[in-house]
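Encoded as structure tokens, the structure appears first; notes follow it.
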Amino acid sequence: MCGIVAYLGYREACPIILKGLHRLEYRGYDSAGVALLNGDLSVYKKKGKVADLEAFLTDKDTHATVGMGHTRWATHGEPNDVNAHPHYSTSERIAIIHNGIIENYAALKKHLEQQGHVFHSDTDTEVFVNLIEDIQTNNTCSLEEAVRLALHEVVGAYAIVVLSKDAPTSLSPPVKAHRWLSASAKANSLWLPMLRQSLNIPMK
């Protein structure tokens, strides 16, 4: 079963996210990854355990105060580094992590390919992030609005977190299409609330 951890605040994000991913290992998974935002949007992911991801990160620049992490249990595409989450959009301005299944991903992917989007994985998740980018580009709207519009086009059950270079002080993590959690760095820090208690991290 997939797991999601996200952090926005003033501390180093990567250690907090990795700690959260370790806490989710009991759920079962085949790969893990993180996206970190500090000017650049960097995605690091690896087939295997969270420990394999940590080893992969040892020589990487992981300094960031905003980020998200994911443990994946494969549904679309075999377990490998490419299909692991997070996934970039075509421009690499947006990254997404996703639990669930997008039932109409094939039709959406065909349309997006016609619009010039390029896909590197076998996942429905990469379709989702490119749909968000396509909507944002064509409507010149905010990330939150693009996510909201994209949710009207996808069919399935899902929880996602979206991170964008163009919105460095916000995370957009809707669950299905009915519950929203919006955050700003002005609040000092944010954790997805299901994890804050288990990680024992104070809000201030």
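The values are calculated or read from the model by the stated rules, or taken from the named source; none is laboratory data. The shown structure was predicted, so the numbers you read here are calculated from the model rather than taken from an experiment. No Cβ is skipped: glycine too gets one built from the backbone with ideal geometry, and neighbour counts run over all protein chains shown.
Do we have Leu8 as in contact with a strand residue (DSSP E or B) (Cβ under 9 Å, 6 or more places away or on another chain), within 24 Å of Ile132 (Cβ to Cβ), at pLDDT 90 or above and not acidic (Asp, Glu) here? Steps first, answer last, please.
Working: in contact with a strand residue (DSSP E or B) (Cβ under 9 Å, 6 or more places away or on another chain): yes; within 24 Å of Ile132 (Cβ to Cβ): yes; at pLDDT 90 or above: no; not acidic (Asp, Glu): yes.
In short, no.
Quick one: in segment 1-49, which of the residues that are buried (at least 22 other Cβ atoms within 10 Å of the Cβ) and of a type in the set (Phe, Trp, Tyr) is nearest to Leu163 (Cα to Cα)?
Checking each candidate, the answer is Tyr7.
Give me a count of the residues in segment 22-46 that are under 16 Å from the mean Cα position of the chain (by Cα) and either outside any loop (DSSP other than H, G, I, E, B) or of a type in the set (Val, Ile, Thr) (or both).
Matching residues across segment 22-46 total 15.
Which residue, of Thr62, Thr90, Thr71, Thr75, is polar (S, T, N, Q) and assigned to a strand (DSSP E or B)? Don't jump to the end; show me each part of the working.
On the way: Thr62 fails: assigned to a strand (DSSP E or B); Thr90 fails: assigned to a strand (DSSP E or B); Thr75 fails: assigned to a strand (DSSP E or B).
Thr71 is the lone residue from the list that is polar (S, T, N, Q) and assigned to a strand (DSSP E or B).
Based on what the data block shows, is Pro173 surrounded by 14 or more Cβ atoms within 10 Å (Cβ to Cβ), at pLDDT below 85, closer than 20 Å to Leu18 by Cα and not aliphatic (A, V, I, L, M)?
Details: surrounded by 14 or more Cβ atoms within 10 Å (Cβ to Cβ): yes; at pLDDT below 85: yes; closer than 20 Å to Leu18 by Cα: yes; not aliphatic (A, V, I, L, M): yes.
The answer is yes for Pro173.
Of Asp122, Asp134, which residue is assigned to a loop (DSSP other than H, G, I, E, B) and either small (Gly, Ala, Ser) or more than 28 Å from Gly9 (Cα to Cα) (or both)?
Working: Asp134 fails: assigned to a loop (DSSP other than H, G, I, E, B).
Step by step, each of Asp122, Asp134 is checked, and only Asp122 is assigned to a loop (DSSP other than H, G, I, E, B) and either small (Gly, Ala, Ser) or more than 28 Å from Gly9 (Cα to Cα) (or both).
List pairs: first residue in segment 8-25 and of a type in the set (Lys, Arg), second residue crowded, with 22+ Cβ neighbours inside 10 Å anywhere in the structure, Cβ distance under 9 angstrom, at least six positions apart or on different chains.
From segment 8-25, the pairs are Lys19/Val5; Arg23/Gly3; Arg23/Val5.
Out of everything in segment 82-125 that is under 16 Å from the mean Cα position of the chain (by Cα), closer than 18 Å to Glu153 by Cβ and surrounded by fewer than 23 Cβ atoms within 10 Å (Cβ to Cβ), what residue ends up being modelled with the highest pLDDT?
The selected residue is Thr90.
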